[in-house]
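Remarks on the structure that follows.
The values are calculated or read from the model by the stated rules, or taken from the named source; none is laboratory data. Since this is a predicted model, take the numbers as computed values, not measurements. Quick reminder, even Gly has a Cβ in these numbers, built from the backbone with ideal geometry, and neighbours come from all protein chains shown. Keep in mind that these areas ignore ligands, DNA and RNA; they rest on the heavy atoms of the full protein, side chains included. Shrake-Rupley method; radii C 1.70, N 1.55, O 1.52, S 1.80 Å.
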Amino acid sequence: MTAFEPRVFSGVQPTGNLHLGNYLGAVSRFVPLQDQMPSVYCVVDLHAITVWQDPAELMRATREVTAAYLAAGVDPKKAIIFNQSQVKEHSELAWMFNCIARMGWLRRMTQFKEKAGKNAENASVGLFAYPNLMAADILAYRATHVPVGDDQKQHLELTRDIAQKFNNDYAERIVELGLGVTNPEPTPESPAELYFPLPEPLIAGPATRIMSLRDGSKKMSKSDPSDLSRINLNDDAETIAKKIKKAKTDPDALPSEVEGLKDRLEADNLVGIYAALAGTTKADVLKEYGGQQFSAFKPALSDLAVEKLAPMTGEIRRLVADPTAIDAVLKDGAERAAAIAEPVLHDVRRIFGFVEARFGR
Ligand code: TYM
């Protein structure tokens, strides 16, 4: 093969409520991509269990994330939608990557440090190895593009490091088996033929890092104890309006230029949210609202948020009421996903030197 076929892969954890950050930073961006390249969107339930999950709640949340993909406009006829645990190749490749990635690489992961907190000795081994499973998710499809929020950047770099080390460690074997793809940019560190692509993170637009509505220095997150810190995708119009009204701001009017948002974290965040919801840029938002007080900007933001989110939240509610229909989407998606990942794992087993007697190889 002379080039990797372009393919998108991304995932969302079925833990807690989906919020505006997940939507603007990731899910909303899945929709246009499905028309540009083959796309695979996963509900990563195996990642969820790196911390304790109540089983009934995990099932509910898995179907809710699936509903959110659909309600946002991901078309299950075009894109593949499935839950990770149903395609066993993810777990298998993750194990192999446990043997490729180095302890030192994983120790540097800031998200592990944040999630494990002070008591890292008591964190699950899975939480530590989490990024290896994420690399397996992406590379089991030899995906080339990964739309995510800014907080996943370090995990994507690790994915590239794993792909690169595998390609290097097994360079000769990949050529010998005729499984290589021509490397467009060979270097002393990167051989002429590759098995895995080095996937590109797609982190762009005004919403790569939506911050808490209560504290502009903290990321909007499912785990924040204050529900006022985030807009959940299942909030009703009244709740959305209340949360925006209570959002922390400073006493000054909005600036007319993006420069003026520097050191004004909360203002920057609200303008970014407006821009992302309206599909414009912060500069354009400030052209319209520069010089105005938050007392005028917040109601406009609230109206826009309700206008954009209410149809979707209604659709999520409608979809989760019919779990059989959601499960049919997940079943079909898992079958199509497995059809891509299974041959990749056959290749990878052969590359490692596992005897595939069961398959006559
Ligand atoms: P998760 O479930 O924490 O978040 C899902 C997506 O939402 C983005 N996101 C945000 N974007 C902007 N502002 C925020 N405040 C915000 N909070 C979350 C995340 O960046 C992510 O894109 N490890 C991943 C899931 C995963 C994955 C993958 C992603 C597993 N395997 C393979 C891509 C490819 C995670 O925990 O996302």
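Given 0.36 nm per residue, what is the gain on full extension from Met103 to Asp252 after removing their alpha carbon distance, in nm?
Values: separation 149, 0.36 × 149 = 53.64 nm, distance 4.77 nm.
Working it through step by step, the gained length comes to 48.9 nm.
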Arranged from highest to lowest average of other beta-carbon atoms within 10 Å per residue, in what order do the peptides 160-172, 176-188 appear? 160-172, 176-188
So, with +1 on the Cβ of K and R and -1 on the Cβ of D and E, and no other charges, what is the size of the charge dipole of segment 183-283 about its Cα centre, to the nearest 20 debye? 580
Out of all DSSP beta bridges in the chain, what portion is antiparallel? Express it as a percent rounded to 5. 30
Roughly speaking, what is the centre-to-centre gap between segment 179-207 and segment 261-281 when only Cα atoms are used, to the nearest Å? 33
Of the candidates Asn132, Asn119, Asn22, which one comes out as most mobile in a Gaussian network treatment of the chain with C-alpha springs shorter than 10 Å? Asn119
Which whole-number percentage describes the relative contact order of the chain, with Cα contacts under 8 Å and a sequence gap of 6 or more? 22
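What is the extension gain from Glu114 to Ala237, computed as 0.36 nm multiplied by their sequence separation minus the C-alpha to C-alpha distance, in nm to one decimal?
Additional length available on full extension: 41.0 nm.
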What order do you get for 144-156, 64-76 when each peptide is scored by the mean count of other beta carbon atoms within 10 Å, highest first? 64-76, 144-156
Could you pull out every residue, at least 5 positions away or on a different chain, whose amide H is within less than 5 Å of the one on Ser212? Hs are placed 1.01 Å off N in the peptide plane, and Pro or chain starts have none. Lys218, Lys219, Met220
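About its Cα centre, how strong a charge dipole does the chain have in debye, to the nearest 20, once Lys and Arg get +1 and Asp and Glu get -1 at the Cβ? Write down the numbers at each step before the final one.
On the way: 43 positive and 48 negative charges, 110 e Å.
My answer is approximately 520 debye.
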Projecting each Cα onto the charge dipole of the chain (Lys/Arg +1, Asp/Glu -1 at the beta carbon, about the Cα centre), which of Gly272, Val51, Ala321 comes out farthest on the positive side? Val51
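What GluC sites (Glu not before Pro) in segment 270-361 are in a loop by DSSP, with at most 16 other Cβ atoms within 10 Å of the Cβ? Don't jump to the answer; show the numbers that get you there.
Numbers: sites: Glu288, Glu307, Glu315, Glu335, Glu356; in loops: Glu356.
Answer by residue number: Glu356.
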Alpha carbon centroid spacing (whole Å) that separates segment 308-329 from segment 27-46: 17
Work out from phi, with θ = phi - 60° and the Karplus expression 6.51 cos²θ - 1.76 cosθ + 1.60, the ³J(HN,Hα) of each residue of segment 302-311, listed in order in whole Hz, and give x for Gly and Pro. 4, 4, 5, 4, 5, 4, 7, 8, 4, x
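What part of the accessible area of segment 180-287, given as a whole %, is carbon or sulfur when the probe is 1.4 angstrom? It would help to have the intermediate numbers written out before the result.
Working: 2700 of 5320 Å².
Reported share for carbon and sulfur atoms: 51 percent.
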If I stretch the segment between Lys262 and Met59 completely, what's the gain in nm (0.36 nm per residue apart, minus their alpha carbon distance), one decimal? 68.9 nm
Calculated FRET efficiency, Ala296 and Ser223, Cβ-Cβ r, R0 45 Å, to nearest 0.05? 0.85
Cα Rg, Dmax, segment 26-146, angstrom units: 15.5, 45
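With a sphere of radius 14 Å drawn around the Cβ of Gln86, what net charge do the other residues whose Cβ falls strictly inside it have (Lys, Arg +1; Asp, Glu -1)?
Overall, the nearby charge balance is -4.
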Just the Kirkwood number for segment 227-307, please: inverse of mean 1/r across all distinct Cα pairs, in Å, one decimal. 12.7
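Accessible area per residue for the chain in Å², computed with a 1.4 Å probe and the full protein assembly in place, what is it? Write down the numbers at each step before the final one.
Details: 16900 Å² over 361 residues.
Solvent-accessible surface per residue comes out at 47 Å².
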Selected from Ser223, Gly291, Ile240, residue furthest toward positive end of dipole (the chain; charges at beta carbon): Ser223
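Between beta-carbons, use under 14 Å as the cut-off and find the net charge around Ala56, counting Lys and Arg +1, Asp and Glu -1. Please list the in-between numbers first.
Details: positive: Arg60, Arg63; negative: Asp45, Asp54, Glu57, Glu64.
Cβ neighbours under 14 Å give a net charge of -2.
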Sum up the charges of everything whose Cβ sits under 13 Å from the Cβ of Ile340, counting Lys and Arg as +1 and Asp and Glu as -1, but leave Ile340 out. -3
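Using only the Cα atoms, what convex hull volume per residue in Å³ does the chain have?
Details: hull volume 56.6 nm³, N = 361.
Convex hull of Cα atoms, per residue: 157 Å³.
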Taking a straight Cα-to-Cα line shorter than 28 Å from Lys77, and setting aside same-chain lysines fewer than 8 residues away, one finds Lys88, Lys308, Lys331
Go ahead and run the numbers for FRET between Ala325 and Glu288, Cβ-Cβ distance against an R0 of 56 Å, rounding to 0.05. 0.85
Which one, Ser302, Met312, Pro251, is farthest towards the positive end of the dipole of segment 227-319 when Lys and Arg carry +1 and Asp and Glu -1 on their Cβ? Met312
